[in-house]
1. Summing Lys, Arg as +1 and Asp, Glu as -1, what charge do residues with Cβ under 11 Å from the Cβ of Glu71 carry, Glu71 excluded?
2. Over the range 250-294, what percent of the accessible surface lies on carbon and sulfur atoms, probe 1.4 Å?
3. Can you compute the modelled spin-label distance between Gln31 and Arg255, with each label point 7 Å from Cα toward Cβ, in nm?
4. What does the charge count around Asp154 come to, taking other residues whose C-beta lies under 10 Å from its C-beta (Lys +1, Arg +1, Asp -1, Glu -1)?
5. Taking the Cα centroid of the range 98-118 and of the range 161-195, what is the distance between the two, rounded to the nearest whole Å?
6. Probe radius 1.4 Å, ligands and nucleic acids left out: which of Tyr8, Tyr106, Tyr211 has the largest accessible area, and how do the rest follow?
7. Computing the accessible area with a 1.4 Å probe over protein heavy atoms, can you report the carbon and sulfur percentage for the range 143-220?
8. First select every other residue whose beta carbon is under 9 angstrom from the beta carbon of Ala275; then total the charges, Lys and Arg +1, Asp and Glu -1.
Amino acid sequence: MNINMEWYRVFYWTARLGSLSKAAEHLHITQPAVSHTIKHLEESLGGALFFRTTKGAKLTSEGEVLFRYIEQAFSFIDIGEKAIEDMHNLNRGEISIGASDTLCKYYLLPHLEFFHAAYPDIRIRITNRTTPETLSLLKEGKLDFGIVHLPAADKQVDVRRSSPIHDCVVVDKGFAERSSIPSPLPLQDIHNYPLLMLEAGGSTRQYVDQYAKQQGVTLKPDFELGSLELLVQFAKSGFGLAFVIRDYASGELQRGELMELPLEPPIPERSIGIATLRGVPLSAAAKSFLAILP
C-alpha cells in the first residue's frame, strides 16, 4: 500500500487534537490541506476514519483501531529521537575500544578514568588484542577505534600519532656487573648475553626485530614472554637483558630495581597511534573520548 508517512502524521494530530483546524495550526499547514490528506488516507485504507460533530472531528471505530497503532508508532519515534539527543549530549551511548593490555594500563587508563567520571552513563567496552589483531577487528566493524603501537599501516585505516614511546634494554644491575656488560653495548655483541623479548607476532616485537635487522643482526631470544610486565619481572630476577618500553618500566628504573643498558646504535623513537576506520563516522561519545587523547 503506497501511503505517504506524512498522511499518518496529519491523521495522528487530527485524532489527538480532535479538530482539523487545530491539527492544521499545529502542523503549520492549511485546514484544506488537512482535509485533503485525511481524504487520501481514507481512500487508501478503504473506509472513513473521522466523522464531523459540532465539537470537532471524532474517530470512527476503524479510526480508533488505527490510532492505537499510530500512537504507539509516534511514541517509539519520540523515544528514538530522545535516545539520539541523549547520545549527542553524552547521556547514553557506548564506545568500543581495542588496545593491548600494556596500552590499556599505561596509556588508556588515566583517560578512561577522566571520561568515565565526566560521562558515567557512557558504556565503555575494551577488547584486549595486539596491534595487528586490533586493526583486524577495526576493519571488521567491531571497534570504534583502536590504540596501537606504531608503525602500523593499512589502506583502510586512518592513524593519528599520539604520545611518543621509547624502546630500550633493561637489566638487573647485579647481572650487568657480574657479566661485565659494556655501556653502551654494541648491538652486534648482544648475542653474547641471554635475551628476553615479547612473543613474535605483535607490533613491538616486529619493530625491535626490524631495527636489529637493519643493523645486520638477528635477535634470538632465550625467553619469549607474553607481556611487558613479565619481561620486567624476569629482568629483575636476573634472567638477562630485556627489550621493553622505557615509559612502562619507569617505576623500576627510578627505584633502581633495573638499569637501562644503552645500545649502539640506539633504538629509534616511535609513537602510540589512534586508529579509526577510514570513511566511517564516529559516534558522539567516541568523538568526545578521542578529543581528550593527546
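1. After counting each charged neighbour, the total is 0.
2. Carbon and sulfur atoms account for 55 percent of the accessible area of the range 250-294.
3. So the label points at Gln31 and Arg255 sit 8.4 nm apart.
4. Here the charged neighbours net out to +2.
5. A separation of 29 Å, based on Cα centres.
6. These residues rank, largest area first, as Tyr106, Tyr8, Tyr211.
7. Roughly 47 percent, rounded to a whole number.
8. Taking every Cβ under 9 Å from that of Ala275, the sum is -1.
The values are calculated or read from the model by the stated rules, or taken from the named source; none is laboratory data. This is a predicted model, so every value here is computed, not measured. With ideal geometry, Cβ positions are generated from the backbone for all residues, glycine too; neighbour counts draw on all protein chains shown. Please note that ligands, DNA and RNA were not included when accessible areas were found on the heavy atoms of the full protein model with its side chains. Shrake-Rupley method; radii C 1.70, N 1.55, O 1.52, S 1.80 Å.
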